[in-house]
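Heads up: the structure comes next, in structure tokens.
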Amino acid sequence: MLDPEKYRTELGKRIQTVVERFPSKSAAALAAGVTVEQLNKWCRGTVKVPVEGLSALADLGGVGLGWLCGDAKRSSDNVIYADFDKQPDNLDRSVVQSVLKSLIMIMREEDLEMVSPDRFAELVIALHDYVVEQNGEGTMDVDSMANIIRLAARER
């Protein structure tokens, strides 16, 4: 398992890369739904980052959520731009089943729980989109999914 402190530091570097795509840090903070002070903490890797904020930052910053959360298959120099024309119109039932099975397994292994049902639903959809994006490249990357889940959950 990846050291949480190291993971947050690396995540902070990727967040900073996305922040630099915005006209100002204030604009990036607004996109993420936080204050500039909170965004600075994200960039320094000193706090847990909610998946909702990451998702909004990725969408509006034009990068893939998987890359932003630390997809191990991509280098930190290789920003993946979102292709909004290829977003699925609906959920793929088999992908949702795989996501839910993996989500439950990872949450049990990591002793994590969701903060709210709404956050859980948003996470399932975000992971669905992530897996659909990854399926063009091979199998589902469970380690990267685990990183995304850790961001959205809290320890019991």
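Odds and ends about this structure:
- Taking all protein chains as shown and a probe of 1.4 angstrom, Arg8 keeps an accessible surface of around 70 Å².
- Fully extending the segment from Thr9 to Leu91, taken as 0.36 nm per residue of separation minus the present Cα-Cα distance, adds 26.3 nm.
- For the set Lys41/Lys101; Lys25/Lys48; Lys6/Lys101, the pairs lying more than 24 angstrom apart at their alpha carbons are Lys41/Lys101; Lys6/Lys101.
- Using the Cβ of Val34 as centre and a radius below 14 Å, the other residues enclosed give a net charge of +2, where K and R count +1 and D and E count -1.
The values are calculated or read from the model by the stated rules, or taken from the named source; none is laboratory data. Remember, predicted model here, so these are calculated numbers, not experimental data. All Cβ positions, even for glycine, are placed from backbone atoms using ideal geometry, and neighbour counts span all protein chains on display. Heads up: the accessible areas ignore ligands, DNA and RNA and are worked out on the full protein's heavy atoms, side chains in. Shrake-Rupley method; radii C 1.70, N 1.55, O 1.52, S 1.80 Å.
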